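I have placed the structure first, in the form of structure tokens, so that the comments after it can refer back to it.
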Amino acid sequence: MSKRPQRKVTRRQFLVNASKGACGVGFMGLGLAGYSNQSQSFNPQMLRPPGALAELDFQSACIRCGLCVEACPYDMLKLGRLFQPIATGTPYFLARTDPCEMCEDIPCKAACPTGALDPELNNIDDARMGLAVLIDQENCLNFQGLRCDVCYRVCPLIDDAITLEMHRNQRTGHHAVFIPTVHSYVCTGCGKCEEACVLEKAAIKVLPIELAKGELGKHYRWGWEEKEKAGSSLIDEVLDLPDRVPEVLK
Amino acid sequence: MKNNQSLGTAAISKKGWLLANRFLILRRIVQVTILTLFLLGPLAGIWIIKGNLSSSLLLGVVPFTDPFMLFQSMASGHLPLFQAFLGALIVVLFYGLVGGRVFCSWVCPVNLLTDAAAWCRRKLNLRKEKVISRQWRYWILAMVMILPLFTGVMSWELVNPVSAFNRGLFFGMGLGWVLFLMIFLFDLLAVENGWCGHLCPMGAFYSLINRTSLMKVSAVKRDKCTDCSDCFDVCPEPAILKGPVYGKKHEIGPLVKDLTCTNCGRCVDVCAENVFQITTVLSGKNSLAKGGEIK
């Protein structure tokens, strides 16, 4: 097409150039891959907005545009900055200072252009941003028998997500303690309780669910639940064990 | 060797300061306007456009999505919602018409930083020398697109200075300014046009969209060239001008067809003889069909 004299690239030169490039970006890529790995185990106190996909999926879906941040009417969402312990540019909130206000129309989710915040989430009560855990029982006032109850009172799902369970006060011997008890099947992880905790550092903290929850072995069954399902005990009511009488008494 | 200090003075004395800087001024106006529109929301509560250059929503209706970002997202295994695709399509169509790297010189805020470095370099009369290959950006682009297949996340976006810079301006910079200082110093002291012209995979990506562009610079009146080399000194991708300006004897057309041209128009500005024009495919005489080869 054109008669412009082309500088001939010899095969040797091509191979040299190609390996230069490949090695160079190989080094760079190795470093980046390591960084990518670390960015997945981020600061557990940095919580994702409502409807966020599982962390790995979220990081692959979030386009770091900040539309959710600008949609939040309470300005509680922030974008991770360079060198912060979270994937750069992804949104988070800190429960202790800026908890989620649980808007019914979920404007952050509605603003997300990529689906990193699940468009299927229509009821904010179904959000699972994390799970509140009363993690410091030694400093929690209620555990000492006082009636602080603040975390219970501020909970948007009071008496469902957090209940007060009465137990005997072992210290005094004749009083009750009211233990704030979080129920994972209701708690949205909004962080209101952590924000409100009256201690210098919160005794109740919202953690990522993977961190906060245990998991039963797949084979494990609760006997009382199986009994309820079956309608009766799965074994005979009274176990007739063989009598073991010492030989000498026989 | 010619002193860089004289760059553009011939054009200014012949055409006047305004004409000799019109594309530069236009570009700065466009860049600052775009930044202002994005900043009006968070700073003044006037929401004309929301988001940032990665993805945004104009007047609450028109979505824009950075296709470079979207490709990374898909490479890491996510299928985005329709809105993101639509936004990317609009962006690709726009840059496909006006020139892919129009993003680099007219929109990207990092350009302000690297142009400043290039300007300082000329003022300090630092020598032009070829330090690293301009092909690096394509290697890096390949890495950026391949890495997510293995890591499952958008690895490049953890460090991408281009998205981090505009995001930082609108949402808070944090320690990010260290990175941007590094880019400035790299461009100033290490490699001329080092970031934008050699390394940036985003520019490499957008240069690929350049292929279909209807708007290109053309050395229409190259017969009038006085060999002053001002255009070469000011061009961020100087090698691409060689063919169109001097290629007549090799039957190379006057059209700057190289994909890395950013359509910044600085060559048009600084040429005292008005050799260059920004032409469209529609202006018959300089049509693409008569242009030179694609490098």
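From the list B:63, B:67, B:80, exactly one residue is open to solvent by less than 40 Å² (accessible area, probe 1.4 Å) and either within 19 Å of the chain's Cα centre (by Cα) or more than 9 Å from chain A (Cβ to nearest Cβ) (or both). Which is it?
B:67
Checking the condition within 14 Å of residue A:29 (Cβ to Cβ), within 13 Å of chain A (Cβ to nearest Cβ) and not β-branched (Val, Ile, Thr), which residue from B:161, B:148 passes?
On inspection, the qualifying residue turns out to be B:148.
Looking at region B:238-274, which of its residues are of a type in the set (D, E, K, R) and either open to solvent by less than 10 Å² (accessible area, probe 1.4 Å) or modelled with pLDDT under 85 (or both)?
If the condition is that a residue be of a type in the set (D, E, K, R) and either open to solvent by less than 10 Å² (accessible area, probe 1.4 Å) or modelled with pLDDT under 85 (or both), then B:242, B:248, B:249, B:251, B:257, B:258, B:269, B:273 are the ones that fit.
Considering only residues that are open to solvent by 40 Å² or more (accessible area, probe 1.4 Å) and touching a strand residue (DSSP E or B) at 6+ places or on another chain (Cβ under 7 Å), which ones fall in region A:185-229?
Matches in region A:185-229: A:205, A:209, A:213.
Which of the following residues is of a type in the set (Gly, Ala, Ser), surrounded by fewer than 23 Cβ atoms within 10 Å (Cβ to Cβ) and more than 27 Å from residue B:7 (Cβ to Cβ): B:87, B:96?
Working: B:87 fails: surrounded by fewer than 23 Cβ atoms within 10 Å (Cβ to Cβ).
Just one listed residue meets the conditions, B:96.
Run residue B:126 past the list (1) at negative phi; (2) open to solvent by 20 Å² or more (accessible area, probe 1.4 Å); (3) within 14 Å of chain A (Cβ to nearest Cβ); (4) assigned to a loop (DSSP other than H, G, I, E, B) and report the number of the one that doesn't hold.
In the conditions (1) at negative phi; (2) open to solvent by 20 Å² or more (accessible area, probe 1.4 Å); (3) within 14 Å of chain A (Cβ to nearest Cβ); (4) assigned to a loop (DSSP other than H, G, I, E, B), residue B:126 misses (3) alone.
Yes/no matrix, rows are residues, columns are (1) among the aliphatic types (A, V, I, L, M); (2) more than 30 Å from residue A:78 (Cα to Cα):
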| position | (1), (2) |
| --- | --- |
| B:193 | no, yes |
| B:198 | no, yes |
| B:202 | yes, no |
| B:219 | yes, yes |
| B:227 | no, yes |
| B:233 | no, yes |
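Can you run down the residue pairs with Cβ atoms below 8 Å, 6 or more apart or on separate chains, where the first is in region A:149-161 and surrounded by fewer than 17 Cβ atoms within 10 Å (Cβ to Cβ) and the partner is part of a strand (DSSP E or B)?
A:149/A:164; A:149/A:178; A:149/A:180
Does residue A:198 meet the test of being touching a residue at least 60 places away in the same chain (Cβ under 8 Å) and β-branched (Val, Ile, Thr)? Break it down stepwise before answering.
Working: touching a residue at least 60 places away in the same chain (Cβ under 8 Å): no; β-branched (Val, Ile, Thr): yes.
Here the answer is no, as residue A:198 does not meet what is asked.
Go over the candidates A:64, A:12 one by one and state the one that is open to solvent by 70 Å² or more (accessible area, probe 1.4 Å), without any contact (Cβ under 8 Å) to a residue 60 or more places away in the chain and closer than 25 Å to residue B:142 by Cβ.
Testing whether each residue is open to solvent by 70 Å² or more (accessible area, probe 1.4 Å), without any contact (Cβ under 8 Å) to a residue 60 or more places away in the chain and closer than 25 Å to residue B:142 by Cβ leaves just A:12.
From the list A:37, A:43, which one is outside any loop (DSSP other than H, G, I, E, B), out of contact with any His (no Cβ under 8 Å at 6 or more places or on another chain) and on the phi < 0 side of the Ramachandran plot? Lay out the reasoning, then the answer.
Details: A:43 fails: outside any loop (DSSP other than H, G, I, E, B).
A:37 is the lone residue from the list that is outside any loop (DSSP other than H, G, I, E, B), out of contact with any His (no Cβ under 8 Å at 6 or more places or on another chain) and on the phi < 0 side of the Ramachandran plot.
If I filter region B:115-123 for residues that are surrounded by fewer than 17 Cβ atoms within 10 Å (Cβ to Cβ), modelled with pLDDT of 90 or more and out of contact with any His (no Cβ under 7 Å at 6 or more places or on another chain), do I get at least one hit?
Within region B:115-123, one or more residues are surrounded by fewer than 17 Cβ atoms within 10 Å (Cβ to Cβ), modelled with pLDDT of 90 or more and out of contact with any His (no Cβ under 7 Å at 6 or more places or on another chain).
Tell me which residues, restricted to region B:129-140, are in a helix (DSSP H, G or I) and more than 9 Å from every other protein chain (Cβ to nearest Cβ).
The one that is in a helix (DSSP H, G or I) and more than 9 Å from every other protein chain (Cβ to nearest Cβ): B:137.
Tell me yes or no: at least one residue of region B:234-252 is without any contact (Cβ under 8 Å) to a residue 24 or more places away in the chain, at positive phi and assigned to a helix (DSSP H, G or I).
No, there is no match, as no residue in region B:234-252 is without any contact (Cβ under 8 Å) to a residue 24 or more places away in the chain, at positive phi and assigned to a helix (DSSP H, G or I).
Which members of region B:253-269 meet the condition of being in contact with a Cys (Cβ under 6 Å, 6 or more places away or on another chain) and either without any contact (Cβ under 8 Å) to a residue 40 or more places away in the chain or under 10 Å from residue B:23 (Cα atoms) (or both)?
B:267
Can you tell me which residues in region A:51-87 are part of a loop (DSSP other than H, G, I, E, B), within 19 Å of residue A:124 (Cα to Cα) and either at the interface with chain B (Cβ under 9 Å from one of its Cβ atoms) or of a type outside the set (A, V, I, L, M, F, W, C) (or both)?
Selection gives A:51, A:53, A:73, A:74, A:75.
So in region B:146-196, with the set limited to residues that are in a helix (DSSP H, G or I) and polar (S, T, N, Q), which one is most open to solvent (accessible area, probe 1.4 Å)? Write out each step before concluding.
If we filter region B:146-196 for residues that are in a helix (DSSP H, G or I), which is where we start, we get B:146-151, B:155-158, B:161-171, B:174-190, B:194-196.
Subset that is polar (S, T, N, Q): B:151, B:155, B:163, B:166.
Details: B:151: 29, B:155: 0, B:163: 4, B:166: 3 Å².
Out of the qualifying residues, it is B:151.
The values are calculated or read from the model by the stated rules, or taken from the named source; none is laboratory data. Computed from a predicted structure; not experimentally measured. Glycine gets a Cβ as well: all are built from the backbone with ideal geometry, and neighbour counts include every protein chain shown. Just so you know, the surface numbers come from the protein's heavy atoms only, side chains and all, with ligands and any DNA or RNA stripped out. Shrake-Rupley method; radii C 1.70, N 1.55, O 1.52, S 1.80 Å.
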